[in-house]
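Undergrad: Below is a structure I'd like to ask you about.
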Amino acid sequence: MSSTFPRAGTALLLAMTAILATPTAAETPAGAPMLGFDTEAAERERALERELDGKISKDELREWMRRLTERPHHLGSARGRANAEWMREQLSSWGLEARIETFRVLFPTPKERLLEMTAPTVYRATLEEPTLVDDATSGQRKEQLPTFNAYSIDGDVEGELVYVNYGVPADYEELAQRGVDVRGKIVLARYGGSWRGIKPKVAAEHGAVGCIIFSDPSGDGYRAGDVYPKGGWRNRDSVQRGSVADMPIHAGDPLTPGVGATADAARLPLSEVDILTKIPTLPISSGDAEPLLRALGGAMAPEGWRGGLPLPYHLGPGPARAHLKVAFDWSLVDLHDVIATLAGDELPDEWVLHGNHHDAWVNGATDPISGMVALLAEAKAIGELARSGWRPRRTLVWAAWDGEEPGLLGSTEWAETHAEELRAKAVAYVNTDSLSRGIFSPAGSHSLERFVHEVASEVADPEVAVSVDERSRASRIADAKPEDRKKLRERADYRIDALGSGSDYTPFLQHLGLASLNVDFGGQDQYGQYHSIYDSFDHYTRFMDPGFDYLATSAKLTSRIVLRLAEAEVVPLTLERTAEAIGEYAVEIRELTDKLRGEAEERDRLLGERSLVLAADPKQTFVPPPALDRVPILELAPLENSAALFTTSTRAFEAARAAAEARGLAPERRDELNAFLREFERRLTLDAGLPGRPWYRHQIYAPGQYTGYGVKTLPSIREAIELRRWDEANAQIRVIAALLDAARAAVEEMTAKLAPAG
Ligand SMILES: [Zn+2]
């Protein structure tokens with residue numbers, strides 16, 4: 001899965017001409033400190049890393065990508081299985097213990113897809129992506145999955161069309177003010193603004209009977225640049241496939257929530273599955289959307305809703321009517337995860353994991369093979385070190401997940417199957433997915449923040465003579481609003497992003513509570529082929545990372561990350577960044593309630609003075625928005641106090657730990673400290689999970705129920721406030737404060753043990 005739309009970075013591009021030079025930056029001074037290593041061990045580690053760099057070959061990355069993208073390789077396909085077997089053989093030949101773990105999962109594929117406009121004129125949507133002579137794999141018709149949204153229900157519906165912009169809750173408020181009701185209608189939503197699964201969910205909540213999702217050229221099409229095959233951007237026939245399961249409820253196989261989908265697992269009947277859409281849903285190209293949009297009448301869409309097609313965007317409803325019919329083969333298919341391990345010689349029962357998915361929607365060069373081949377390069381390089389007699393201290397585990405695209409199936413089923421072992425043994429999970437030319441952007445557990453900055457500041461950007469971390473910080477400053485830059489400049493590094501969902505870290509971080517990190521490069525590419533047949537080797541090698549420079553850089557970075565996690569004397573997770581981030585989220589919660597209170601008061605004023613009604617065009621329908629319920633003063637003090645105390649205690653812990661490491665730790669004490677650090681992230685989870693979605697146990701990070709991939713931090717509190725459930729918000733504030741207090745007690749106990757023996 002992973003990202004969709006282009007990221008900004010123009011300021012950087014301008015600056016680049018000035019600083020283009022041979023990358024010599026990121027030369028680390030001798031004796032530079034390294035988290036979890038003493039000076040001597042750090043020098044040995046850096047020597048090992050330089051050796052690894054020499055083993056990463058761009059020619060191999062390119063050749064592996066060509067091979068793995070040769071044919072379509074989605075979940076359940078013959079080629080998907082062949083790719084898994086080929087990777088297992090490669091990993092074995094590099095000296096790693098490699099095996100395939102198979103699960104059986106629900107993966108519906110289309111039997112029937114029909115979309116036709118029935119009035120005022122007749123148009124039958126092509127639902128086809130044509131073969132292009134410039135794209136060698138685009139003609140592999142028989143093996144390509146057609147354009148569809150996975151986990152849409154079957155359905156045959158007919159009704160007037162309504163244009164709903166991105167189809168998020170705020171869009172329906174705008175529609176209501178214009179007197180547009182979607183009950184009994186088919187909605188036409190454009191991609192963007194939220195994860196796609198949110199669109200049919202919100203449409204169904206408002207009474208729509210069908211949902212069509214189209215790629216507007218204002219997103220990743222000609223608004224961004226030349227379209228494929230002249231440029232890399234989405235052309236008028238290209239369609240974004242993708243899952244529309246209600247993934248914010250749980251990830252993984254819909255039939256086996258919370259348990260591994262092994263052959264003999266207990267399975268829900270289809271009628272009890274809670275994450276399918278409620279209405280039939282189908283994605284289309286901008287070419288197929290154009291006649292439908294052109295036939296819509298009614299009021300003009302609000303300014304910000306008008307997209308990139310050369311026509312006036314009307315809301316409807318009607319006079320355009322459509323007939324939408326989809327039917328799926330609801331079969332179970334075999335899923336093949338490839339797991340490779342290199343056993344640690346000192347601490348074999350402590351695991352460092354790196355995963356990337358191998359299944360694609362079609363040929364999937366960017367998504368996921370770019371990240372997959374970088375992972376293979378890392379595994380090969382470390383395997384070669386091992387063949388010369390070297391062994392890591394901890395066990396390294398590499399995973400090539402299957403079935404990520406429909407809903408993180410391969411990673412989730414594996415994590416659920418091995419949950420007990422992972423809780424006992426995992427140090428951290430590192431994830432990669434689509435990688436391309438551009439800016440490094442790390443996201444994940446803040447217990448890994450200091451560590452990831454330390455590593456990334458030692459890896460040179462291949463095109464600009466600074467480290468990848470320095471470029472990332474620069475890009476955050478350049479892209480920020482001027483008023484936000486001061487805060488960014490005050491820090492030597494930057495706050496890494498929190499994780500929502502959209503790739504395979506979700507089961508590890510949010511279900512099991514393991515410290516997790518997602519590594520990404522990209523943004524200075526032409527990524528207009530997300531989930532289409534044109535995400536191909538030809539597209540990647542022309543528009544994404546033609547020289548394979550950023551893939552090689554990413555492999556060097558993640559090799560260092562997993563190697564340092566595996567080799568450190570003391571696990572390089574730190575606590576104070578997590579506590580600081582929670583403190584910042586608590587401030588955001590207060591700001592959010594103040595903002596909502598201000599909005600409710602302003603709404604009352606507008607309604608009282610009738611300014612909206614008096615200003616509206618009397619010949620157009622205008623329904624004034626309803627009054628908003630008052631926002632009470634929430635009882636935030638327990639959260640703010642607990643967060644502040646947590647920060648103080650984690651800082652004291654870090655000071656005590658640094659002093660103890662400098663003195664030298666007795667082996668038992670070191671083991672106890674490592675166990676404590678491994679378990680730290682889990683102290684931020686609750687077995688009961690989040691309100692209404694028990695599968696998500698992490699109390700600091702979760703995908704939003706109405707944003708999908710987008711993260712909600714302190715989700716139980718934040719979402720209660722957004723849904724205006726004030727009592728629930730107050731109750732959750734007390735729950736989270738108690739969670740932080742319990743975590744703080746454990747931190748203080750460990751800190752006391754690290755004090756010098758008196
Ligand atoms: Zn992906």
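The values are calculated or read from the model by the stated rules, or taken from the named source; none is laboratory data. Because the structure is a prediction, the values reported are computed rather than measured. A quick note on method: Cβ atoms are made from the backbone with ideal geometry, for glycine too, and the neighbour counts reach across all protein chains shown. Only protein heavy atoms, including side chains, enter the accessible area calculation; ligands, DNA and RNA are left aside. Shrake-Rupley method; radii C 1.70, N 1.55, O 1.52, S 1.80 Å.
Undergrad: Ignoring ligands, DNA and RNA, what percent of the 1.4 Å accessible area of the stretch 347-401 is carbon and sulfur? Provide the component values of the computation, followed by the final result.
TA: On the way: 430 of 920 Å².
Here it works out to 46 percent.
Undergrad: How tilted is helix 637-663 with respect to the longest principal axis of the chain? Cα atoms for both, answer in degrees (0 to 90, nearest 10).
TA: That helix lies at roughly 30 degrees to the long axis.
Undergrad: While we're looking at this one, here's another question. Based solely on its DSSP helices, what 222 nm [θ] is calculated for the chain when runs of n ≥ 4 H residues each add -39,500 (n - 2.57) and the sum is averaged over all residues, nearest 500 deg cm²/dmol?
TA: Rounded to the nearest 500, the figure is -12000 deg cm²/dmol.
Undergrad: Going toward the positive end of the dipole of the chain, with +1 on Lys and Arg Cβ and -1 on Asp and Glu Cβ, which of Ala738, Thr558, Trp233 do you reach last?
TA: The listed residue farthest towards the positive side: Trp233.
Undergrad: Moving to a separate point now. Give the whole-number value, in cubic angstrom per residue, of the convex hull volume spanned by the C-alpha atoms of the stretch 368-413.
TA: Working: hull volume 3.4 nm³, N = 46.
Taking the convex hull of the Cα positions in the stretch 368-413, it is 75 Å³ per residue.
Undergrad: Quick check: pseudo-label points 7 Å beyond the Cα along Cα→Cβ at Ser93 and Ala755, how many nm apart are they?
TA: Inter-label distance under the simple model: 5.9 nm.
Undergrad: Okay, next question. Using r as the Cβ-Cβ distance of Asp274 and Arg610, and R0 as 45 Å, what FRET efficiency do you calculate, to the nearest 0.05? Present the calculation step by step, with values, prior to reporting the outcome.
TA: Numbers: r = 44 Å, r/R0 = 0.98.
FRET efficiency, Asp274 to Arg610: 0.55.
Undergrad: Now, a different point. Cα atoms only: what Rg and Dmax, in Å, come out for the stretch 219-309?
TA: Rg and Dmax of the stretch 219-309, Cα atoms, are 19.3, 55 Å.
Undergrad: For a Förster distance of 22 Å, can you work out the FRET efficiency between the beta-carbons of Arg183 and Phe622, rounded to the nearest 0.05? It would help to have the intermediate numbers written out before the result.
TA: Details: r = 20 Å, r/R0 = 0.90.
FRET efficiency, Arg183 to Phe622: 0.65.
Undergrad: Could you name the lysines whose alpha carbon sits less than 24 Å from that of Lys380, not counting residues in the same chain fewer than 8 places away?
TA: Lys55, Lys58, Lys425, Lys556
Undergrad: Show me the ranking of peptides 93-100, 74-81, 690-697 by mean Cβ neighbours inside 10 Å, starting with the highest. Please list the in-between numbers first.
TA: On the way: 93-100: 16.6, 74-81: 20.5, 690-697: 18.9.
My ranking of the peptides, most packed first, is 74-81, 690-697, 93-100.
Undergrad: Still on this structure, I have one more. Can you list the equivalent-ellipsoid semi-axes of the stretch 288-369, largest first and in whole Å, using the square root of 5 times each Cα gyration tensor eigenvalue? All intermediate terms of the calculation are to be shown ahead of the outcome.
TA: Values: eigenvalues 502, 75, 28 Å².
The three semi-axes for the stretch 288-369 are 50, 19, 12 Å.
Undergrad: Rg to Rh for the stretch 112-226: what is it, with Cα atoms only and Rh by Kirkwood? Working shown, then result.
TA: Details: Rg = 16.0 Å, Rh = 16.0 Å.
Here Rg/Rh amounts to 1.00.
Undergrad: Based on the Cβ-Cβ distance from Asp59 to Thr262, what FRET efficiency comes out when R0 is 56 Å, to the nearest 0.05?
TA: Numbers: r = 40 Å, r/R0 = 0.71.
Approximately 0.90, to the nearest 0.05.
Undergrad: Based on Cα positions only, what radius of gyration and what Dmax would you give for the stretch 330-481, in angstroms?
TA: Reported Rg and Dmax, both Å: 17.2, 52.
Undergrad: Working out 0.36 nm times the residue gap between Thr648 and Glu51, then minus their Cα-Cα distance, what length gain in nm do you get to one decimal? If you can, show how the numbers build up before the last one.
TA: Details: separation 597, 0.36 × 597 = 214.92 nm, distance 4.05 nm.
Contour length minus the Cα-Cα distance gives 210.9 nm.
Undergrad: Additional query: I need the Debye-formula profile for the chain: one equal scatterer per C-alpha, no solvent, reported as log10 I(q)/I(0) at q = 0.05, 0.08 1/Å, two decimals.
TA: -0.25, -0.66
Undergrad: Measuring from centroid to centroid over Cα atoms, what is the spacing of the stretch 122-150 and the stretch 217-270 in Å?
TA: Here the answer is 16 Å between Cα centres.
Undergrad: Beta carbons within 10 angstrom, averaged per residue: use that to sort the peptides 358-366, 605-613, 294-302, highest first.
TA: Details: 358-366: 29.4, 605-613: 12.1, 294-302: 17.9.
Final packing ranking: 358-366, 294-302, 605-613.
Undergrad: From Cα pairs below 8 angstrom and at least 6 apart in sequence, can you work out the relative contact order of the stretch 277-433, rounded to a whole percent? Numbers along the way, then the final one.
TA: Numbers: 217 pairs, mean separation 42.1, N = 157.
Relative contact order of the stretch 277-433: 27 percent.
Undergrad: Ratio of Rg to Rh for the stretch 696-753, alpha carbon only, Kirkwood?
TA: Numbers: Rg = 13.9 Å, Rh = 12.5 Å.
Here Rg/Rh amounts to 1.11.
Undergrad: Putting +1 on Lys and Arg Cβ atoms and -1 on Asp and Glu Cβ atoms, find which of Met247, Gly547, Pro312 reaches farthest to the positive end of the dipole of the chain.
TA: Of the listed residues, the answer is Pro312.
Undergrad: Can you tell me, using C-alpha contacts under 8 Å and at least 6 residues apart, the relative contact order of the stretch 21-146 as a whole percent?
TA: Working: 55 pairs, mean separation 19.4, N = 126.
For the stretch 21-146, the relative contact order is 15 percent.
Undergrad: What whole-number distance in Å separates the alpha-carbon centres of the stretch 176-196 and the stretch 44-84?
TA: 42
Undergrad: Quick check: the angle from helix 371-387's long axis to the longest principal axis of the chain, C-alpha only, nearest 10 degrees?
TA: On a 0 to 90 degree scale, this one is about 10.
Undergrad: Would you mind working out the accessible area per residue for the stretch 25-85, using a 1.4 Å probe, and quoting it in Å²? Mind dumping the intermediate values first?
TA: Values: 3040 Å² over 61 residues.
Accessible area per residue: 50 Å².
Undergrad: Rounded if a/c is under 1.5, else prolate if a/b beats b/c, else oblate: with a ≥ b ≥ c from the C-alpha gyration tensor eigenvalues square-rooted, which is the stretch 501-611? Please report the intermediate quantities before stating the final value.
TA: Values: a/c = 3.30, a/b = 1.45, b/c = 2.27.
It comes out oblate by the Cα gyration axes.
Undergrad: Given labels modelled 7 Å from the Cα in the Cβ direction, how far is it in nm from Glu748 to Glu640?
TA: 2.1
Undergrad: Here's a follow-up. Relative contact order for the chain: what percent, with Cα pairs under 8 Å and sequence separation of 6 or more? Walk me through the numbers on the way to the answer.
TA: Numbers: 1633 pairs, mean separation 139.9, N = 758.
After rounding, I find 18 percent.
Undergrad: How about Lys278: which lysines have a C-alpha closer than 27 Å to its C-alpha, ignoring those fewer than 8 places off in the same chain?
TA: Once the sequence-local lysines are set aside, what remains near Lys278 is Lys111, Lys185, Lys199, Lys201, Lys325, Lys712.
Undergrad: Continuing with this model, one more query. Sorting check: for 571-578, 650-657, which peptide has the highest mean count of neighbouring beta carbons within 10 Å, and how do the rest follow?
TA: Working: 571-578: 24.6, 650-657: 18.8.
Ranked by mean Cβ neighbours within 10 Å, highest first: 571-578, 650-657.
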